[in-house]
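The block underneath contains the structure these notes are about, expressed in structure tokens.
We did not get these values from a lab; they are worked out from the coordinates using the rules stated. This is a predicted model, so every value here is computed, not measured. Positions of Cβ are generated from backbone atoms using ideal geometry, with glycine treated the same way; all protein chains shown enter the neighbour counts.
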Amino acid sequence: MIDGKLLNDIAMHKAVKTVKLYRKLCNSYGIPCNRIIGVATAAVRKAENREQFLRLLTSSTDINFRLLSGEEEASYAFKATIYSLNIHEGIIVDIGGGSTEIISFRNNSIINSISIPIGSVVATETFLGKDSIAPDCLAHLEDYVGKMLKEQSWLWQEKSRTLIGLGGIIRNLGKIHRKRIEYPINYAHNYEMSIDDFNTIYEELASLDLKSRRKVKGLSSKRADIIVGGLAILKAIISICSPSHIVTSGFGLREGILFDYIAGTNPRVKFKDALSFSLRNFMELYGIRKNHAKHVCFLALSMFDQLKPLHNYGDDVRKLLEVASLLHDIGISISYYEHHRHSFYIILNSRLTGLNHRETLLTAAIAASHSDDNFKEDWQRRYEKILLPEDIELWEKLSVFLKLAECLDRSEMAVIKSLECQVLGDTVKIQTIRDGDAELEISLANEHSNTFRKAFGKSLSVT
């Protein structure tokens with residue numbers, strides 16, 4: 001792509017052709033050129049003829065392109081992370097083709113950052129080549145990256161932080177791992193893997209020639225030539241900062257730019273945390289009946305809080321009940337009939353941010369269990385690789401709270417304003433404070449007394 005320090009003509013015209021295709025796609029959706037945000041990154045930044053190339057892009061496509069600095073790339077990577085993951089402290093590593101951005105953050109603020117002028121493409125072309133890889137060349141590359149970072153004391157002063165990986169190389173790493181362990185959810189975002197598993201995959205890929213790498217399950221043939229170079233950069237960073245584990249992000253520069261644009265142009269958008277931001281969007285997107293959903297959520301959380309001596313769960317579990325309650329009817333967007341099953345599918349596959357895979361699965365299962373019909377899908381065995389041993393009991397208990405809350409707003413008129421819950425020996429009494437006739441709601445709730453006893457070992461009386 002780069003001849004010496006110049007972008008060559010073939011590469012520039014190929015880029016123009018690609019941008020024209022994307023412009024055509026945008027126009028087909030009614031998006032004019034002045035609504036398209038164009039940016040250029042490291043490869044253009046390092047080229048001496050960058051101004052010529054940017055003028056060519058703009059004149060050929062009618063799209064204005066902005067050349068990002070390394071600091072701006074890091075900032076967008078950071079925004080993509082905090083707006084999509086419920087992780088408040090760690091190291092972000094965004095490996096591109098021509099540069100790598102590394103950001104240390106805490107409490108949703110950048111503490112330190114650096115952009116180094118080497119990415120997977122540059123590493124491959126400069127140190128490795130694209131076929132068989134000599135061990136001494138690989139060691140030289142790792143050492144080169146390490147020397148670039150040796151003055152950054154903030155990288156090694158704090159150990160055992162989460163490393164969040166952005167970019168196609170790290171997403172592909174996660175996909176290889178998921179294929180290897182037969183992981184039941186094919187979703188890159190918020191996927192976790194250990195450092196030992198990373199080392200195993202890295203060493204294996206480095207030992208293979210290009211033809212053999214292309215046969216590795218999960219590895220994109222388009223990245224088979226450059227993945228070892230990208231992972232060598234990651235290996236060098238891991239050797240310095242000693243993270244506890246790796247979390248792959250499905251969000252990156254593109255989403256960071258989008259989040260920044262939304263926040264800057266729409267004052268109504270208030271970012272509290274990744275989950276709240278995503279949850280609000282999904283309730284709008286799927287047309288959820290907000291009054292009913294919020295009241296069911298209020299009643300379910302009221303029981304959860306007042307009956308804490310029966311379960312002793314904390315805020316991390318309370319969050320699952322809250323999300324499941326707000327989204328329990330989301331399946332109606334497909335069909336009212338069997339909508340609890342549709343709710344399970346939508347939540348599990350919705351890319352709801354702010355929850356990890358296990359939390360998303362449990363939320364989907366809790367939401368699906370709100371119906372009078374038992375949720376009979378074989379989800380527990382199918383997703384056993386994700387679940388913890390105690391999760392089935394957790395699901396059963398939270399499902400009871402949601403079942404009862406759904407019954408207590410069966411008319412969807414919020415007749416029951418609040419609840420008073422008491423544990424009296426072997427019986428749990430739930431007193432309803434009503435504003436109108438709630439005979440239907442109370443009768444339906446009491447029908448779940450056997451389910452309540454099975455989950456909590458106590459009788460239930462709703463009055």
Pairwise FRET efficiency - Lys385 versus Glu420, Cβ, R0 = 60 Å, nearest 0.05: 0.90
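So which trypsin sites (Lys or Arg not before Pro) in the range 198-237 pass both tests, a DSSP loop state and at most 11 other Cβ atoms within 10 Å of the Cβ?
In loop regions of the range 198-237 (DSSP not H, G, I, E or B), the sparsely surrounded trypsin sites (Lys or Arg not before Pro) are Lys215, Lys217, Lys222.
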If you take the beta carbon distance between Gln52 and Tyr261 as r and set R0 to 25 Å, what does 1/(1 + (r/R0)^6) give as a FRET efficiency, to the nearest 0.05? 0.35
Of the chymotrypsin sites (Phe, Trp or Tyr not before Pro) in the range 294-368, those whose Cβ has at most 11 other Cβ within 10 Å and which sit in DSSP loop: Tyr336, Tyr337
Peptides ranked, highest mean first, by Cβ atoms within 10 Å: ranges 243-251, 93-101, 440-448: 93-101, 243-251, 440-448
Which of the peptides 73-86, 156-169 is most tightly packed, and how do the rest follow, judged by the mean count of other Cβ atoms within 10 Å per residue? 73-86, 156-169
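Calculate, in nm to one decimal, what Asp437 and Asn64 gain on full extension: separation in residues at 0.36 nm each, minus their alpha carbon distance. Show your work: numbers first, answer last.
Numbers: separation 373, 0.36 × 373 = 134.28 nm, distance 6.23 nm.
Full-extension gain reported as 128.0 nm.
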Hey, which of these cross-link pairs are over 18 Å Cα-Cα: Lys179/Lys385; Lys17/Lys130; Lys175/Lys217; Lys17/Lys79; Lys5/Lys46? Lys17/Lys130; Lys17/Lys79
Give me the dipole magnitude in Debye, nearest 20, for the range 70-256 about the Cα centre, with unit charges on the beta carbon: positive for Lys and Arg, negative for Asp and Glu. 640
From the residues Trp154, Leu285, Asn108, which one has its Cα farthest along the dipole of the chain in the positive direction, the dipole being from +1 and -1 charges on Cβ of Lys/Arg and Asp/Glu about the Cα centre? Leu285
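Which value, in debye to the nearest 20, gives the size of the charge dipole of the range 241-290 about its Cα centre, when Lys and Arg are +1 and Asp and Glu are -1 at the Cβ?
In total the dipole reaches around 300 debye.
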Row for the range 274-414, column shape: gyration tensor on C-alpha, a ≥ b ≥ c, rounded if a/c < 1.5 i.e. under 1.5, prolate if a/b over b/c, else oblate; value rounded
What do you get for trypsin sites (Lys or Arg not before Pro) in the range 245-326 restricted to DSSP loop and a cutoff of at most 10 other Cβ within 10 Å of the site's Cβ? Arg268, Lys270, Lys272
Cα lying deepest toward the dipole's positive end in the range 70-256, options Leu85, Tyr187, Gly119, charges on Cβ: Tyr187
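Could you tell me the relative contact order of the chain? Use alpha-carbon pairs under 8 Å, at least six residues apart, and round to a whole percent.
12
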The exposure ranking of Arg45, Arg55, fewest beta-carbon neighbours within 10 Å first, is Arg55, Arg45
Could you size up the charge dipole of the range 375-428 around its Cα centre, putting +1 on the beta carbon of Lys and Arg and -1 on that of Asp and Glu, and report it in debye to the nearest 20? 140
Share (percent) of C-alpha pair distances in the chain greater than 37 Å works out to 38
Using R₀ = 51 Å, calculate the FRET efficiency as 1/(1 + (r/R₀)^6) where r is the Cβ-Cβ separation of Leu210 and Arg453; round to 0.05. 0.25
Exposure proxy check on Ile227, Ile366, Ile10: fewest-to-most Cβ neighbours within 10 Å is Ile10, Ile227, Ile366
